[in-house]
Ligand SMILES: [Mg+2]
C-alpha cells in the first residue's frame, strides 16, 4: 500500500461497475464530488451517466455516501440531488469524514472504497482512515489554484503511477475502463 498509488484506477467513476466492486469485496463507496462525479463548480442537473451508475449501484446493494470538501451548502445540495448522505464539509485529507461515512453506511472500513481524483486529499484521507481508494481522471481542467499546485506535487509523487492527470475524452469514450493495481 503506497501513499501515491491507488488500489484502483479508472477513467471515470462510473467505470467502476457493481460487478467489479462486488468482486473486490466492496460494499460501500465514499464519493468525492468535484471533478469525480461532476466537473468542478458544475451546477446543473445530475448527469445521466452518474444517475445511471448510482441507480445500478443501489440495485446491486452497494451503498454510497458523498465525501466532499465543497462548501457546506454545495455539499448538502448535491447530497440531496444525488440521493446520498453527505457531510457538510469533509476536510479531506483528515480521515474524520471517512469514519463518519463508515458509521452512516453501517459498514466496516475494509468493505469501503473511496473514489476521488486527487492524491493529496482523496488518496491521503483514505490511507489515513485505512480504506481502499480508486483514483479517477479529473473531469475538467478548471480547478482551484491550490489544487493546480497540488497537481504538480502529484506528478512527482506518483512515479510508478503512470496516469496523466489531464482530463480525458467524455463519458463513454473508448478509454473508459478500470484497472486493478493489485
Ligand atoms: Mg475532486
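The values are calculated or read from the model by the stated rules, or taken from the named source; none is laboratory data. What you see is a predicted model, and the numbers here were worked out from it, not measured in a lab. Don't worry about glycine lacking a Cβ; one is built from the backbone with ideal geometry, like all the others, and counts go over all protein chains shown.
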Those residues that are in contact with a strand residue (DSSP E or B) (Cβ under 8 Å, 6 or more places away or on another chain) and under 12 Å from residue 17 (Cβ atoms), I need them from the stretch 44-59; list them, please. 57
In the stretch 105-120, residue farthest from residue 84 (Cα to Cα) [restricted to those that are in a helix (DSSP H, G or I) and at pLDDT 95 or above]: 110
If I ask for residues that are more than 22 Å from residue 85 (Cβ to Cβ) and under 14 Å from the mean Cα position of the chain (by Cα), which ones from the stretch 18-39 would you list? 39
Can you work out which of the residues in the stretch 106-124 that are over 14 Å from residue 146 (Cβ atoms) and crowded, with 21+ Cβ neighbours inside 10 Å is farthest from the chain's Cα centre (by Cα)? 112
Whether any residue in the stretch 49-59 is within 14 Å of the chain's Cα centre (by Cα), in contact (Cβ under 8 Å) with a residue 40 or more places away in the chain and under 20 Å from residue 131 (Cα atoms) is what I want to check. no
Residues within the stretch 98-112 that are over 12 Å from residue 28 (Cα atoms) and touching a residue at least 60 places away in the same chain (Cβ under 8 Å), tallied: 0
